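This report concerns only the one structure given below.
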Amino acid sequence: MLKVQELADGVDQVEPLLEDLVDQIKAASDCRLKVSERFFVLISEINPWSLEILQYCMYGLRWSEVCDRARRYFEKEENVGKRRLYERLVESFDDDWPEREFFRRYSD
């Protein structure tokens, strides 16, 4: 998914894959621990491409353990650019996440 995200030209190209990812994660609830561990790695290595994947998934899943981890990274991060990425991730857990309008699945 990360490789596709880096090559894609806009949200339109990756949203079908993100939809499938969220649907597969929801269907495999017994894998939550393993999947959340992967999300933790993405958070620790956050960049613009992983951010979009994390945001999309977390708006749909709202996993508290992932939100808590993102908040901790946000609070500790000193680099302004990276801190903004964490802030945007934390925002994606809210119903009124401003970036949801970019995604067909989540726009009103």
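On the chain, 48 percent of the accessible area sits on carbon and sulfur atoms, based on a 1.4 Å probe. Karplus-derived 3J(HN,Hα) values for the stretch 97-103, using 6.51 cos²θ - 1.76 cosθ + 1.60 with θ = phi - 60°, are 3, x, 7, 4, 5, 6, 10 Hz; glycine and proline are entered as x. Extension gain, Glu99 to Glu45: 0.36 nm times the residue separation minus the Cα-Cα distance gives 17.3 nm.
Contact order normalised by length for the chain, with contacts defined as Cα pairs under 8 Å and 6 or more residues apart; what percent is it? Each step should come with its number before you reach the end.
Values: 86 pairs, mean separation 29.3, N = 108.
Averaging sequence separation for qualifying contacts and normalising by length gives 27 percent for the chain.
Charge dipole of the stretch 16-99 (Cα centre as origin; +1 on each Lys and Arg Cβ, -1 on each Asp and Glu Cβ, all else neutral): 340 debye, rounded to the nearest 20. Under the simplified labelling scheme, the Tyr106-Arg84 pair shows an inter-label distance of 1.9 nm, with each label point 7 Å from Cα along Cα→Cβ. Once the 1.4 Å probe is applied to the protein heavy atoms, the stretch 31-98 comes out at 54 Å² accessible per residue. Only helices enter this figure: runs of n ≥ 4 DSSP H residues, each worth -39500 (n - 2.57), summed and divided by the residues of the chain, yield -22000 deg cm²/dmol at 222 nm to the nearest 500.
The values are calculated or read from the model by the stated rules, or taken from the named source; none is laboratory data. The structure displayed is predicted, hence computed values, not measured ones. Please note: Cβ atoms are built from the backbone with ideal geometry, for glycine as well, and neighbour counts cover all protein chains shown. The accessibility values were calculated without ligands, DNA or RNA, using every heavy atom of the protein model including side chains. Shrake-Rupley method; radii C 1.70, N 1.55, O 1.52, S 1.80 Å.
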